[in-house]
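Peer 1: Questions regarding the structure given below will be posed in turn.
The values are calculated or read from the model by the stated rules, or taken from the named source; none is laboratory data. What you are looking at is a predicted structure, and each value in this text was computed from that prediction instead of being measured. Cβ coordinates were reconstructed from backbone atoms using ideal geometry, including for glycine residues, and neighbour counts include every protein chain displayed. The protein model used for the area step is the full one, side chains on, heavy atoms only, and it has no ligands, DNA or RNA in it. Shrake-Rupley method; radii C 1.70, N 1.55, O 1.52, S 1.80 Å.
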Amino acid sequence: MQDLTIRQARPQDGEKLLAYLKKIGGETDNLSFGQEGLPLSIQEEEAYIQSMADQAGALIYLAFNQQDLVASVGLNPLPGRMGHRAEISLSILKDYWGQGLGSLLLEKALAYARNQGLEFIDLDVATDNTRALGLYEKFAFKKIARLEDYFKIHGNYKDFYRMTLDLRSK
């Protein structure tokens with residue numbers, strides 16, 4: 001991981017990010033999409049990245065091993081009366097699991113969230129995703145609800161937990 005670079009996403013990363021999402025979608029059933037990736041054009045993805053850069057409190061960090069995109073973390077602030085909250089998403093290529101990259105990205109994203117004045121960070125995680133659950137619990141995320149039959153993959157249902165982190169006391 002010596003060659004690892006973490007930086008904020010730029011619109012010109014759109015094509016690389018879409019290819020990355022297809023790859024990780026094929027590696028796990030813990031995402032809202034599969035190997036088809038997201039149904040966005042390169043231009044739409046570039047516009048989304050720009051909109052995140054322009055939105056207060058929003059964030060997309062990308063991790064690169066040399067030129068290869070290997071992980072991402074995003075913060076998406078909620079609107080209006082929920083503006084003190086953000087949803088977080090984290091994904092890592094399977095070849096990079098268990099190397100501390102999730103902790104590193106989560107630390108960076110949570111530091112950013114605190115600096116932006118966010119008070120709560122929310123996420124949804126599959127109940128059988130023990131690796132991710134362990135990571136989130138390490139950072140003091142708490143399970144607040146069980147979302148039964150949240151995903152349906154090839155006719156099989158999958159439950160998720162809603163987890164939250166209270167940043168006010170940290």
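Peer 1: How high is the relative contact order of region 1-59, in percent, with contacts defined as C-alpha pairs under 8 Å that are six or more residues apart? Working shown, then result.
Peer 2: On the way: 52 pairs, mean separation 21.6, N = 59.
Reported as a whole number, the value is 37 percent.
Peer 1: Does region 28-170 come out rounded, prolate or oblate by the C-alpha gyration tensor, with a ≥ b ≥ c the root eigenvalues, rounded set by a/c under 1.5 and, if not, prolate when a/b is larger than b/c and oblate if not?
Peer 2: Working: a/c = 1.27, a/b = 1.05, b/c = 1.21.
Rounded, since a/c falls under 1.5.
Peer 1: For the chain, with only Lys/Arg (+1) and Asp/Glu (-1) charged at the beta-carbon, what is the dipole magnitude about the Cα centre, in debye rounded to 20?
Peer 2: Numbers: 20 positive and 23 negative charges, 123 e Å.
Computed about the Cα centre, the dipole is about 600 debye.
Peer 1: Answer with one residue from Tyr136, Asn65, Ile153: the one whose Cα lies farthest towards the positive end of the charge dipole of region 15-170, charges on Cβ with Lys, Arg +1 and Asp, Glu -1.
Peer 2: Farthest towards the positive pole: Tyr136.
Peer 1: For region 1-56, what log10 I(q)/I(0) values come out of the Debye formula at q = 0.14 1/Å, with one point per alpha carbon and no solvent?
Peer 2: Relative scattering, expressed as log10 I(q)/I(0), comes to -0.44.
Peer 1: Could you grab the relative contact order for region 20-119? Cα pairs under 8 Å, six or more apart, rounded to a whole percent. Numbers along the way, then the final one.
Peer 2: Working: 131 pairs, mean separation 20.9, N = 100.
Answer for region 20-119 is 21 percent.
Peer 1: Determine the dipole magnitude for region 78-153: charges of +1 sit on the beta-carbon of Lys and Arg, -1 on that of Asp and Glu, nothing else is charged, the reference point is the Cα centre, and the result goes in debye to the nearest 20.
Peer 2: So the dipole magnitude of region 78-153 works out to roughly 140 debye.
Peer 1: Enumerate by residue number the GluC sites (Glu not before Pro) in region 8-62 meeting two conditions: DSSP loop (anything except H, G, I, E, B), and at most 15 other Cβ atoms within 10 Å of the site's Cβ. Can you show the working numbers first?
Peer 2: Details: sites: Glu15, Glu27, Glu36, Glu44, Glu45, Glu46; in loops: Glu27, Glu36.
Sparse-neighbourhood loop GluC sites (Glu not before Pro): Glu36.
Peer 1: Given that compact globular proteins tend to follow 2.2 N^0.38 Å, what is the ratio of the alpha-carbon Rg of region 1-107 to that value? Please list the in-between numbers first.
Peer 2: Working: Rg = 13.7 Å, N = 107, 2.2 N^0.38 = 13.0 Å.
Working it through for region 1-107, the quotient is 1.06.
Peer 1: Is it possible to state the helix-based mean residue ellipticity at 222 nm for the chain, with each DSSP H run of 4+ residues giving -39500 (n - 2.57), the sum divided by total residues, to the nearest 500 deg cm²/dmol? What is it? Spell out each step's value before the answer.
Peer 2: Working: 4 runs with 49 residues, N = 170.
Result for the chain, helices only: -9000 deg cm²/dmol.
Peer 1: Between the DSSP loop rule and a limit of at most 10 other Cβ atoms within 10 Å, which trypsin sites (Lys or Arg not before Pro) in region 46-102 are left?
Peer 2: Numbers: sites: Arg81, Arg85, Lys94; in loops: none.
For trypsin sites (Lys or Arg not before Pro) across region 46-102 that sit outside H, G, I, E and B with at most 10 neighbouring Cβ atoms in 10 Å, the list is empty.
Peer 1: Ok, one more. Under the definition of Cα pairs under 8 Å and six or more residues apart, what whole-number percent is the relative contact order of the chain? Don't skip to the end; give the middle numbers.
Peer 2: Working: 287 pairs, mean separation 29.1, N = 170.
RCO, the chain: 17 percent.
Peer 1: At 1.4 Å probe radius, can you tell me the per residue accessible area of the chain in Å²?
Peer 2: Details: 9470 Å² over 170 residues.
The answer is 56 Å² per residue.
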